[in-house]
Every structure is written in C-alpha cells, then in structure tokens.
Amino acid sequence: MMIKRPKILNEFSPKNALEMERELSRFHRSKGGYGYSQAVEKIQKVIGDSKVLKYPAGKVYNSWNTPVGWNLRGGFLRTVDPKKYVVSDLSLSPISAIFMSGPSNGIEKLKVIDVGSGESEEDYSQSVKGCAVLSNGNISRVYDLAVEKFGARCVLSHFMRAQVEEIGRTPELMPQAVNYTSFPAYSKGEAFGFALTYKQYKWMKSRSRSGKLEVEARMDVDRGTDDLEILEARFGKSENEKPLLLIAHLCHPKPGANDNASGSALLTEIVRVLKKTDLNREIVALWVPEMYGTAAYLTDHVPDFELGVNLDMVGEDQCKTGSVLQVSSTPWSLPSFISELLFVNLETDRFRIKTGKYSGGSDHFILSDSTVKIPTTSLTQWPDRFYHSSEDTTDKSSVESFEWIGKGVLNSIMDLTYEMPHIVATKISANILKEFIVEYNTYEEPVIRDWMVTRARRKLRSLSKYADVKSVLNMIEKYSNFRDIPEKSSNLRRIKGPVADSWMNSEDREWFFKLTRKLPAWRDYKDELLNFMEIGFSVEDAIKLASCEFEISVDVSEDSRRYIKRLSEESIINL
C-alpha cells in the first residue's frame, strides 16, 4: 500500500478535472438529448474500456416516472409591441428553455397574462386558456394549475429556488441570471415555456399591466435519443470483497459547470488514475441522469456494493460561490462509517467543510435506501450562489477544490482497499463515539436512545473490518439496557428504492406541495419513515425516529398516516 498510494496520488491531476469540466459544460446535457450523448463520448475517450447502458425514457422505473427524451434544437421569444427579443436564440442560450417543453406550432402569437406566483387557483381569476402566463412561482405547481387545469399554452417564468441572501443568492442580487427550470416528468408536451432573468421578468410584468402585452415564440424540440443513458466502468480485481461504487450525475443544462460537470469530471479523472494501477478492489463507476438513471439501473442490477460515494457539485471556488463542502452522513436507518472516513480524509483549515447530518436530493439517497442497502455518502458543495443558473460557469471552479476533494476520495479508496492508517481509524472511531454521546444525552425517548446505541454499534462493527476498534466498541457495549433492533426486512415495499411520485394524482400533488412548503424536511422525512418501517419498526416508532432525525417538532402523525394509506391504496407498499 505504501508504494501504491503515492503513485496514485502523484498521477492524479486536478487540472485534468477542471479541463474536463470545461469540456462537459459546453454540452446541453438534457436527459435523452444529443448533448448528453456527446458528453458520454467525451468521457469515454478518457477512461477507455466502459459501456453505455440504455433505458427507454418515459417509463416508470421503481415508481420513478421518468421524463420522455428531450432534445432542444432552437427557438426564440420576442414581444410584439415593442418588437424586442427576450430570448433571441435558444441554441446559444438553451437554459432559457424550460426543460420538458413541447414544440410550438411554428411561430405562435400569444397574449401574456400575469398570474403572480401562479401557485394558487386564486391567481387565475382571468382566463389563461391558449395564452402565455407570466409567473414567479414553483414551476411544477404553475404547470399543474396554468397548463393542466386552466389550459395555458406557454409559461414565462422567473423562479429561483434555494435563495440564500447571505451569499448573494436572490433575484435582486442576480438580476441577469437565468434559472434552470423544468416542467414535471409527467408533462406530455402540452405547453412550452421560457425561463426569464429577473430583469426581463420585471420588464414584462410592467408591460403586462396594460393588458395588451403579446409575444411571438417558437420552440423547436424533439425526443432526441429517447433513452436514459448510463455510462458504466468496471475495473480492479474482483475477489472476496464487494465492489465499491462511485457515482456522479451527468445531466443538467449548459453550462451546468459545478452542477454537475464538476462531479462527472472529477469522477473521470479518478477513474483514469485508478485504472493505471493493479487495484486490489473492484470499482464500479457510474455517470447517470440524476436519480432517474439510478432508479432505472436498479431494475436490472443487483445492488451488491459495500459502500458508495456520490460526487455532486465538487469543483466550487468557495470564495466565489459561498459554498461549504457537505459530507452527507448516511441516514439513521442505514448506519455506516463511510461519511466519517471521507470527512477525516478531507478535513482541513484551508476549506469550509461540514458533516454529521443526512440530506437527500441526489443519487446517494436512492442507494442508501433500506431496500437497496448501499451506504453512500455525498460530497456536495452547498449552498452555492450560482446553483441552477446560467452563471454556473467554470470560472466559479478551482483547481484547488478539485485537488482537495479528489485526493480525499482517492485516499479513502486506498484505505478501503489496502491497510487503513491507524490515525485515520482512530479519528473515525473517536468521531463516532463523540456523535453517539451527544445524541444519546440529547434524547430521552427510549426508542430513540435504543436506536442511537444500535446505530453507533453498527458503524463501529462495519469499521472493524478495516481497523481494530474494540476499545471504542466496548464503551458502546456498556449501554446494555437497550433494545437492539435486528437487521431484517419487512418487505413493506413492492419496489426497490425510495418512493417517487408516479402514484400521485392531482389532489396528492397539491397536498404534497403545500406540505413541503410548510415543512421542507418532509422531503427527506417521508423516505426515512418508510425505511424505519422496512427494518421492523412500528408506524408510531418510525414517526418518532424520522421526526427526531430531521428535527421536526410539530406533530406529523396525520400526514404520515395519509401518506402510508395512499401508498397502500396505490399498491406501492404492503400493509
């Protein structure tokens, strides 16, 4: 190991990663689009032996209602009076097209109606049928109301999610940014839409007050390859150990530099480096369409991996983006030391880094589900001032970030492949013990305390495969008056992975939208609720554990039972 580690670290080039990010950010990487396929080809030229797996788009994979293939060819948006281009050429600014837009009938002339946020039925007091609506609300909710319910033909949107004033991420502070937006996966091309800058939105809003604002628009799209493409590379020796999984999502609009050309680029460089050595561990690397691709992959692949690392938004220059590297813990329901290992190998005074809390939102949450059981950490720089916008460009990235995170991942792979240094194992076990003591002394509910003991024990027992942690494990074992929950599956779900939204009707979507507005933690909570039920907890105890994990202080029992009831009615779960 002592020979291989320096050789691998010296081979690694963060400049290569940054250059690959530049290359990938030139492609409009929509799911099923030709730009995505070109990005795959670019990666293959670097990594060599690999294969492209193709899954038909527009199908349901494990409750994930995947979008049809979407390939943007061009288009424009201009006002009629005055004759002024709002978007002059979508082929040059593809992020200005709302993803999943259908094609226009040539050049369409449409009346513009301002519906405010467009998120409630009260916003549609005036008929919008066949018109273009101007809105600044959640695009999926606007689609459900403006298009599906009231028959709008076009959506003109300024919607910025995840606003953080402290780092300058507000519409007022980013008036020229175009935000990445998408109609929901279940949309059928009934409408098309354009994403506006805040400055454009305010101008059109002022012009629309006369009631005479009209636009001319063309949207030229087709279904492209109509496939979800996954690039898979397998290498290293396959012996007694289960393989390790490295994953990054490749999709997103041009430029999409940090999100997520950076993760895909860093994974490319890591694979290039590791394939140059005779590695004593099998590695599987996946470049996927985010979440949809992972859900499809699990339909015909046995998830027989020991641990996983998800690379999502890893190239940031933290000074420019205001970001912090979040080393996501695995969820409480699937204890693992993988996040502690990455944190130890990444901890430094030179960059901002944080760990200790699970959050979903990327492919790791599918893999860490209790029905999949691949403990996966995510390395994600968050928040990011330029997230999901036209200003997410490579000048916001840095060689230093790529070097820091790339070497942290490579060192962690070496720790899991050869001998783990004593200092690394000591720090990991100390962090596990510290977290356990804090949590155990924080909570008084018996079922939560019991699980804290079980969680710490399982983390240490999985670590004991790589290091001697008997002394710390013995400290945990002294907490003998607890109920150890056996590792079992109740076969609750009829699918593999977390439950997505293909089962929802319009009433469910409205309930879900209002609930997540009131309680953002519901997004992660609902998955953990099922995970705890899957491993043998009662509904009552699962509610207590998941509520505690996400620090939910309000009573969510009624909504939780409604969720479970609806999944049972839709034959997603067995009760």
Considering only region 1-36, state which residues are over 23 Å from Pro289 (Cβ atoms), buried (at least 16 other Cβ atoms within 10 Å of the Cβ), in contact with a Leu (Cβ under 9 Å, 6 or more places away or on another chain) and not charged (D, E, K, R).
Ile8, Phe12, Pro14
Listed residues Asp317, Asp369; which is surrounded by fewer than 22 Cβ atoms within 10 Å (Cβ to Cβ) and on the phi < 0 side of the Ramachandran plot?
Asp317
Count of region 55-86 residues which are touching a helix residue (DSSP H, G or I) at 6+ places or on another chain (Cβ under 7 Å) and over 26 Å from Val133 (Cβ atoms)
5
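Residue-wise test of (1) among the basic types (Lys, Arg); (2) under 14 Å from His388 (Cα atoms); (3) touching a residue at least 40 places away in the same chain (Cβ under 8 Å).
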{"residue": "Gln126", "(1), (2), (3)": "no, no, no"}
{"residue": "Val133", "(1), (2), (3)": "no, no, no"}
{"residue": "Phe150", "(1), (2), (3)": "no, no, no"}
{"residue": "Cys154", "(1), (2), (3)": "no, no, yes"}
{"residue": "His158", "(1), (2), (3)": "no, yes, yes"}
{"residue": "Gly168", "(1), (2), (3)": "no, no, yes"}
{"residue": "Ala185", "(1), (2), (3)": "no, no, yes"}
{"residue": "Gly193", "(1), (2), (3)": "no, no, yes"}
Inspect region 515-536 for any residue being over 25 Å from the mean Cα position of the chain (by Cα), part of a loop (DSSP other than H, G, I, E, B) and surrounded by 21 or more Cβ atoms within 10 Å (Cβ to Cβ) and give the result as yes or no.
no
Subset of region 507-525 (residues that are in contact with a Phe, Trp or Tyr (Cβ under 6 Å, 6 or more places away or on another chain) and closer than 14 Å to Asp555 by Cα)
Leu515, Ala521, Tyr525
In region 316-329, how many are in a loop (DSSP other than H, G, I, E, B) and either within 16 Å of Val409 (Cα to Cα) or not charged (D, E, K, R) (or both)?
5
Among the residues of region 142-162 satisfying the criterion of being surrounded by fewer than 14 Cβ atoms within 10 Å (Cβ to Cβ) and not hydrophobic (A, V, I, L, M, F, W, C), which is farthest from Ala195 (Cα to Cα)?
Lys149
So which residues in region 182-241 are touching a strand residue (DSSP E or B) at 6+ places or on another chain (Cβ under 6 Å), in a loop (DSSP other than H, G, I, E, B) and surrounded by fewer than 21 Cβ atoms within 10 Å (Cβ to Cβ), if there are any at all?
Tyr186, Gly236
Tell me, yes or no, whether region 259-269 has at least one residue that is out of contact with any Phe, Trp or Tyr (no Cβ under 8 Å at 6 or more places or on another chain), part of a loop (DSSP other than H, G, I, E, B) and crowded, with 24+ Cβ neighbours inside 10 Å.
no
Give all pairs with beta carbons closer than 9 Å in which a residue from region 295-313 that is assigned by TED's automatic domain parsing to the domain that holds Val409 meets a residue that is of a type in the set (D, E, K, R) and part of a helix (DSSP H, G or I); count only pairs at least 6 apart in sequence or on separate chains.
Asp312/Asp259; Met313/Asp259
Residues of region 145-162 that turn out to be part of a loop (DSSP other than H, G, I, E, B) and more than 20 Å from Ile95 (Cβ to Cβ), as a count:
4
Is region 29-44 home to any residue that is farther than 26 Å from Pro498 by Cβ, in contact with a Pro (Cβ under 9 Å, 6 or more places away or on another chain) and either in the same structural domain as Leu134 (by TED's automatic domain parsing) or without any contact (Cβ under 8 Å) to a residue 60 or more places away in the chain (or both)?
no
Scan region 325-377 residue by residue and report those that are under 22 Å from Leu473 (Cβ atoms) and of a type in the set (Val, Ile, Thr).
Thr330, Ile338, Val344, Thr355, Thr377
Considering only residues that are surrounded by fewer than 17 Cβ atoms within 10 Å (Cβ to Cβ), assigned to a loop (DSSP other than H, G, I, E, B) and touching a residue at least 60 places away in the same chain (Cβ under 8 Å), which ones fall in region 62-82?
Val80, Asp81
Within region 83-112, residues among the β-branched types (Val, Ile, Thr), touching a Lys or Arg at 6+ places or on another chain (Cβ under 7 Å) and assigned to a strand (DSSP E or B) come out as Val86
Exactly one condition in (1) within 23 Å of the chain's Cα centre (by Cα); (2) under 30 Å from Val399 (Cβ atoms); (3) assigned to a loop (DSSP other than H, G, I, E, B); (4) not hydrophobic (A, V, I, L, M, F, W, C) is false for Gln176; which is it?
(1)
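Results for (1) assigned to a loop (DSSP other than H, G, I, E, B); (2) at pLDDT 95 or above; (3) within 18 Å of Leu266 (Cβ to Cβ); (4) not acidic (Asp, Glu), shown as yes or no for each residue.
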{"residue": "Glu290", "(1), (2), (3), (4)": "yes, yes, yes, no"}
{"residue": "Ala296", "(1), (2), (3), (4)": "no, yes, no, yes"}
{"residue": "Pro303", "(1), (2), (3), (4)": "yes, no, no, yes"}
{"residue": "Val314", "(1), (2), (3), (4)": "yes, yes, yes, yes"}
{"residue": "Pro331", "(1), (2), (3), (4)": "yes, yes, no, yes"}
{"residue": "Pro335", "(1), (2), (3), (4)": "yes, yes, no, yes"}
{"residue": "Glu340", "(1), (2), (3), (4)": "no, yes, no, no"}
{"residue": "Asp349", "(1), (2), (3), (4)": "yes, yes, no, no"}
Test: Val142 is under 28 Å from Glu507 (Cα atoms) and more than 25 Å from the chain's Cα centre (by Cα)
no
Return the only residue of Ile413, Ile428, Ile405 being hydrophobic (A, V, I, L, M, F, W, C), in contact (Cβ under 8 Å) with a residue 60 or more places away in the chain and over 24 Å from Pro14 (Cα atoms).
Ile428
Gly102 fails exactly one of the following numbered conditions: (1) in the same structural domain as His301 (by TED's automatic domain parsing); (2) buried (at least 17 other Cβ atoms within 10 Å of the Cβ). What is the number of that condition?
(1)
Single residue of Ile107, Ile113, Ile95, Ile139 found to be surrounded by fewer than 19 Cβ atoms within 10 Å (Cβ to Cβ) and among the aliphatic types (A, V, I, L, M)
Ile107
Within region 545-566, is there a residue that is in contact with a helix residue (DSSP H, G or I) (Cβ under 8 Å, 6 or more places away or on another chain), more than 19 Å from Pro446 (Cα to Cα) and of a type in the set (A, V, I, L, M)?
yes
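The values are calculated or read from the model by the stated rules, or taken from the named source; none is laboratory data. None of the values given here were measured: they were computed from a predicted structure. Please note: Cβ atoms are built from the backbone with ideal geometry, for glycine as well, and neighbour counts cover all protein chains shown.
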